[in-house]
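Here, each number is a calculation from the coordinates, and none is a lab measurement. Remember, predicted model here, so these are calculated numbers, not experimental data. Every residue, glycine as well, gets a Cβ built from its backbone with ideal geometry; the counts of neighbours run over all protein chains shown.
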Amino acid sequence: MESSIAAAATSVVVRTSVPAVVFMPSLSSSSSSFLSRPALRTGRRRAFRCSSSSSSVVAKQDSAISSAAALYCRLDDKLFMSPEVFQWESGKSLNAIASAQGIQIRRRCRARYPSEGTGAERAVPRNILEQIIWDKEVEVSQRKARTPLSDVKAAAAAGLAPPPRDFLAAMRAARHRNGGGVPALIAEVKKASPSKGLLRDHFDPVEIAQAYEKNGAACLSILTDEKHFQGSFENLEAVRNSGVNCPLLCKEFVIDVWQIYYARSKGADAILLIAAVLPDIDITYFLRVCKSLGMTALVEVHDEKELDRVLKIDGVELIGINNRSLGTFEVDTANTNMLLEKRGDIIKKKRIQVVSESGLFTPDDVAYVQNAGVFAVLVGESLVTQEDPGQAIAGLFGKELLP
């Protein structure tokens, strides 16, 4: 949430932003202390204090942009006036703000992987997603130390990164090719998972991606998390550079805007945003960043409360309904049907498309979520575990898809 509050905090400062260090957690700080409260909030002038600095940094409307500033783009006052900003300024912790929105994933901001400590330093996650996020905080912090946001933004700029491709248009075209009623397929390039371990011994991401495209996949999802899924941004980049034409979803656990720019620099056309992890202000801010980069955001929900939150956020075009319970990790495709029965009318009114995720193994599974009204399905395990992942698509759908 820190990058979003940082963006909101600088949104009314018309021609400047404060140095990034003011908002970045120091490696030794906790989530409750790395970002200090503004000393004032009057008109178009605000002061901030970083726990790693002994002085306040004041951003003024007419001050010049320094070489250390302008890491975040200017946003309008709507984001600045968001409830999260006021709650944070009134003294609430980032975790308390997130909890008030029903988010149970706590943030740690530890200097090392939380699971590797001892005694009081060893944190105990509530579930696997929380463990992934804690580890992701460490990973992103280390990556940002090596490659600052300004460098990543430059690498993601038009003319340097591969041009973004229209993720939604590719799915519409696939549906049209196959008669309109069949959900488009987002086929996942996935080596392992926390729940199932290694899924495929011989894992060649380019070979799998090419097989998916040849057999009718509309888009591809590339796992980039290394610690828990044995994925990588190198896999994403390799698939993009291989000549595969399917648009690519970066399947990453996004907690910081840095990851979005980095994914774009590696050739991603879309990125995953998980409502169970991200407060509303993060989703709002990240959607705007995606739009500025020409990327599509797949906003993932697990339950009715998360869906209701997301439906209130402007700019959402694509929602993924994950059929996997965060508490038990059990999968039930009835989750897609239930949520669309309850909120399908609102989704149609907003012209949002829906993707069903997890638990799809047979033609009956696909037909079930198709009848529920989904636009697309995201499938990985049931394809990548087969000897020929590409040909497995016909087995999943009960017929061959037109490429």
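With a/c under 1.5 counting as rounded, go ahead and sort segment 204-244 into rounded, prolate or oblate using the C-alpha gyration tensor (a ≥ b ≥ c being the square roots of the eigenvalues; past the cut-off, prolate if a/b is larger than b/c, else oblate). Prolate is the answer for segment 204-244, as a/c is 1.5 or above and a/b outweighs b/c. For the pair ASN371 and HIS202, label points projected 7 Å from Cα toward Cβ lie 3.9 nm apart.
Take the Cα of GLN104, step 7 Å toward its Cβ, do the same at MET338, and the gap between the two points is 1.3 nm. One quarter of the surface of the convex hull around the alpha-carbon atoms of segment 281-345 equals 4.8 nm², the direction-averaged projected area.
Can you classify segment 246-290 as rounded, prolate or oblate using the Cα gyration tensor, where a ≥ b ≥ c are the square roots of its eigenvalues, rounded means a/c under 1.5, and otherwise it's prolate if a/b beats b/c and oblate if not? Prolate, since a/c reaches 1.5 and a/b exceeds b/c. Checking the cross-link pairs LYS266/LYS305; LYS190/LYS266; LYS191/LYS214; LYS92/LYS153; LYS144/LYS190 against a 28 Å limit on the alpha carbon distance flags LYS266/LYS305; LYS92/LYS153 as lying beyond it.
Normalised by the residues of segment 157-397, what does the relative contact order come to in percent, with Cα pairs under 8 Å and at least six apart?
21 percent
Both numbers refer to the Cα atoms of segment 157-397; Rg and Dmax are 16.4, 45 Å. Please list, in order, the residues from segment 253-275 whose amide nitrogen is less than 13 Å from a point placed 7 Å along the Cα→Cβ vector of ASN241. Residues 266-267 fall inside that zone.
For VAL379, the shell of other residues with beta-carbons less than 11 Å away shows a net charge of -3, using +1 for Lys and Arg and -1 for Asp and Glu. Taking GluC sites (Glu not before Pro) across segment 179-282, the ones in a DSSP loop with at most 16 further Cβ atoms lying within 10 angstrom of their Cβ are GLU226. Entry for segment 127-220 at q = 0.19, 0.21, 0.22 Å⁻¹: log10 I(q)/I(0) = -1.12, -1.09, -1.08, Debye formula applied to identical alpha-carbon scatterers, no solvent contribution. Loop-located GluC sites (Glu not before Pro) across segment 289-356 with a Cβ neighbour count of 14 or fewer within 10 Å are GLU330, with loop assigned by DSSP.
Once the other residues with Cβ under 15 Å from the Cβ of GLU252 are scored (Lys, Arg +1; Asp, Glu -1), what is the net sum? Here the charged neighbours net out to -3. Taking each residue as 0.36 nm, the span from GLN386 to ARG351 lengthens on full extension beyond its C-alpha to C-alpha distance by 9.1 nm. In segment 256-403, Cα pairs under 8 Å separated by at least six residues give a relative contact order of 16 percent. Simple spin-label estimate for PHE329 and ALA173 gives 3.8 nm between the two label positions (7 Å along the Cα-to-Cβ direction from each Cα).
The trypsin sites (Lys or Arg not before Pro) found in segment 276-365 that occupy coil by DSSP, while having at most 16 further C-beta atoms within 10 Å, are LYS312, LYS350, ARG351.
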